[in-house]
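A short write-up of the structure that comes next.
The values are calculated or read from the model by the stated rules, or taken from the named source; none is laboratory data. Computed from a predicted model, the values in this text were never measured in an experiment. Don't worry about glycine lacking a Cβ; one is built from the backbone with ideal geometry, like all the others, and counts go over all protein chains shown. Remember, those area values only see protein heavy atoms, side chains included, never the ligands or the DNA or RNA. Shrake-Rupley method; radii C 1.70, N 1.55, O 1.52, S 1.80 Å.
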Amino acid sequence: DIVTIGMLSLPCGWLCTTIGLPTMFGYIICGVLLGPSGLNSIKSIVQVETLGEFGVFFTLFLVGLEFSPERLRKVWKISLQGPCYMTVLMIAFGLLWGHLLQIRPTQSVFISTCLSLSSTPLVSRFLAGSVRGDKEGDIDYSSVLLGMLVMQDVQLGLFIAVMPTLIQAGVSTYSSIFKEILRILILIGQILFSLAAVFLLCLVIKTYLIGPYYRKLHAESKGNKEILILGITAFIFLMLTITELLDVSMELGCFLAGALISSQGHMVTEEIMSCIEPIRDFLAIIFFASIGLHVFPTFVIYELTVLLFLTLSVVIMKFVLAVLVLSLILPKTSQYIKWIVSAGLAQVSEFSFVLGSRARRAGIISREVYLLILSVTTLSLLLAPALWRAAIMKCVPRPERRSST
């Protein structure tokens, strides 16, 4: 399966490059052609998706590598407040529409939460290479956007933990619903405690461990890059294992691994990036191909008008909500970045595939709603590069524009 994806991704990527589209489109098309709706030649879909997730891990590590802890410290309040406000507003709108369309509240909450998440791997690719042009004294759009995306990944982990409670609430009486709400509050407390533990551990690693560890790796890898690559990969896996054990998202661990190593200076960052980028690029191809495995072209063609209307409605709603929230929480001197950050948050996360699959098996949503979520998510991901490029062209000063696009 991996060999087939690798071979077909090349012509698909070339074709998209020739007509001026991002190569990720080609990799998604490759997944569509090889998946259940195409030739049906991929037999181990779960294994392909699992390997593709390593592409997400390395992508977030490299993005974290370009963000020093000092830069992230400036935007932590915005990163915490922004996603929380957006999720609450999306759920409120979802419940309102659900009431008008006579949809069960649990189903409305689930769909709204799915649609409120944005794609960290995709936006990380947009941000790759664009963060060095920002001024040190300002709050830059890349730091705000990445901080909000990482916080959304934490919310995703929380929502996966809460999902069994949501299922239970759908069939419970009012007295037991009170118990379920209490259980959700306890879960939120546990997540906050875990986050505090993770950041305390990061402080200890940054202060006492990361410097000696990298110097030892650098000394051992003279003339032998294998040790350096293996040492960095082991550190990434250690951090994602720690965050997973603490019930926080693995993606946060990968990002923090990069941010911790970036504290060692620019030369270290450049050396590690040159080693890890080729691994990331190959695994990212598999990740985007795995997205294509979930696309059903026949369903999209038959319901194209409805799907385009729904997708545009979701993208516009997310963009407008993000602009409103950022207008409230951004400093007055940095208001211009709200348009770029909102464009980065306007698409729907590919993790809605995972959530939708679990919800369908649990009976929260029907097969038709599941296919709608998959199709809207995919179409929003395909619209994302065009929206991002338009925002960059309109809002980013000319010297920074070349690296951002």
* Asked: Checking residue 240 against (1) open to solvent by 10 Å² or more (accessible area, probe 1.4 Å); (2) out of contact with any Gly (no Cβ under 7 Å at 6 or more places or on another chain), which single condition isn't satisfied?
  -> (2)
* Asked: Quick check, is residue 15 open to solvent by less than 30 Å² (accessible area, probe 1.4 Å), at pLDDT 90 or above and over 21 Å from the mean Cα position of the chain (by Cα)?
  -> no
* Got at least one residue in region 134-142 being in a helix (DSSP H, G or I), out of contact with any His (no Cβ under 9 Å at 6 or more places or on another chain), surrounded by 20 or more Cβ atoms within 10 Å (Cβ to Cβ) and at pLDDT 80 or above? -> yes
* Consider residue 286 carefully, then state whether it is touching a Gly at 6+ places or on another chain (Cβ under 9 Å), part of a helix (DSSP H, G or I) and more than 26 Å from residue 221 (Cα to Cα). => yes
* **Matching entry among 126, 54, 110, 93 (being open to solvent by less than 30 Å² (accessible area, probe 1.4 Å) and modelled with pLDDT of 80 or more)** => 110
* **Of residues in region 18-35 being in contact with a Pro (Cβ under 9 Å, 6 or more places away or on another chain) and modelled with pLDDT of 85 or more, the one surrounded by the most Cβ atoms within 10 Å (Cβ to Cβ)** => 30
* Output yes when any residue across region 211-226 is under 30 Å from residue 189 (Cα atoms), aliphatic (A, V, I, L, M) and either in a helix (DSSP H, G or I) or in contact (Cβ under 8 Å) with a residue 12 or more places away in the chain (or both), and no when none is. => no
* To do: May I ask you to list the residues in region 271-328 that are among the hydroxyl-bearing types (Ser, Thr, Tyr) and surrounded by fewer than 16 Cβ atoms within 10 Å (Cβ to Cβ)?
  => 274, 298, 302, 305, 313, 327
* To do: Could you look through region 218-237, keep only residues that are open to solvent by 20 Å² or more (accessible area, probe 1.4 Å) and among the aliphatic types (A, V, I, L, M), and pick out the one that is nearest to residue 199 (Cα to Cα)?
  => 234
* **Failed criterion for residue 361 (all others in (1) at pLDDT below 85; (2) outside any helix (DSSP H, G or I); (3) not small (Gly, Ala, Ser) hold)** => (2)
* **Filter pass, residue 252 being aliphatic (A, V, I, L, M), under 29 Å from residue 156 (Cα atoms), without any contact (Cβ under 8 Å) to a residue 12 or more places away in the chain and part of a helix (DSSP H, G or I)** => no
* Asked: Going by the structure shown, is residue 71 open to solvent by 10 Å² or more (accessible area, probe 1.4 Å), modelled with pLDDT under 85, of a type outside the set (Val, Ile, Thr) and not in a helix (DSSP H, G or I)?
  -> no
* Flag if residue 62 is buried (at least 18 other Cβ atoms within 10 Å of the Cβ) and either in contact with a helix residue (DSSP H, G or I) (Cβ under 8 Å, 6 or more places away or on another chain) or among the aliphatic types (A, V, I, L, M) (or both) -> yes
* **Selected residue [part of a helix (DSSP H, G or I) and closer than 22 Å to residue 251 by Cα] from 387, 371, 355** => 355
